[in-house]
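Q: Right, I'll just put the structure down here and ask away after.
The values are calculated or read from the model by the stated rules, or taken from the named source; none is laboratory data. If you're wondering where the values come from, they're calculated on a predicted model, not measured in any experiment. In this analysis, Cβ positions are derived from the backbone assuming ideal geometry, glycine residues included, and neighbour counts consider all displayed protein chains.
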Amino acid sequence: MDAADLDKVDEIIDRYRGQEGILIQLLLDLQSELNWIPREVISHLSERLRVPKSQIYRIASFYKVINLNPVGRHVIQVCMGTACQVRGAHKVLDFTASRLKIKPEETTSDLAFSLKKVNCLGCCSMGPVMTVDEVYHGGVNLEGAEKILKNLS
């Protein structure tokens, strides 16, 4: 983590100076800026807020929306809810993983893509469903997944 990133971190921390109960929102703001929460940021946050690292990790690891590992510029999610599964979501997930050369819950080495399998995206009638950077794609088959991935390359 370079000095410019730490300056950004300090700027975000300073927005909350003197406020109580801000740790979750602070972590979300930091992640929005950095795309994930590196160890160095947690250490720095611990020092600045005088909060034990263990407390920060406990909160950060509880919420799935907070990433403690690097996340790709494009986040691809494949719904694995029952309605999507019976319509072939496993094939879409396997194809996408194979095409990206990663497993679900991993990020490509160039940090271009992260692949996540999720329990439900809340649009069962459209299954199988894939999201790319929070844009929903319904009725995805292998050809559709290929087209979506090609448009990202």
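Q: Restricting to segment 106-132, and then to whatever is β-branched (Val, Ile, Thr), out of contact with any Pro (no Cβ under 6 Å at 6 or more places or on another chain) and assigned to a strand (DSSP E or B), can you tell me which residue is surrounded by the most Cβ atoms within 10 Å (Cβ to Cβ)? So that I can check it myself, show each step before the final result.
A: In the first step, residues of segment 106-132 are kept if they are β-branched (Val, Ile, Thr); the result is 107-108, 118, 129, 131-132.
Imposing the further condition that a residue be out of contact with any Pro (no Cβ under 6 Å at 6 or more places or on another chain) reduces the set to 108, 118, 129, 131-132.
Among the residues that remain, those that are also assigned to a strand (DSSP E or B) are: 118, 131-132.
Numbers: Val118: 16, Thr131: 18, Val132: 16.
Among residues in segment 106-132 that are β-branched (Val, Ile, Thr), out of contact with any Pro (no Cβ under 6 Å at 6 or more places or on another chain) and assigned to a strand (DSSP E or B), the one surrounded by the most Cβ atoms within 10 Å (Cβ to Cβ) is Thr131.
Q: Name the one entry in Val41, Val86, Val9, Val51 that is in the same structural domain as Leu142 (by TED's automatic domain parsing) and either touching a Gly at 6+ places or on another chain (Cβ under 6 Å) or aliphatic (A, V, I, L, M) (or both).
A: Step by step, each of Val41, Val86, Val9, Val51 is checked, and only Val86 is in the same structural domain as Leu142 (by TED's automatic domain parsing) and either touching a Gly at 6+ places or on another chain (Cβ under 6 Å) or aliphatic (A, V, I, L, M) (or both).
Q: Taking the options Leu93, Leu68, name whichever one is outside the structural domain of Ile148 (by TED's automatic domain parsing), of a type in the set (A, V, I, L, M, F, W, C) and under 26 Å from Asp110 (Cα atoms).
A: Leu68
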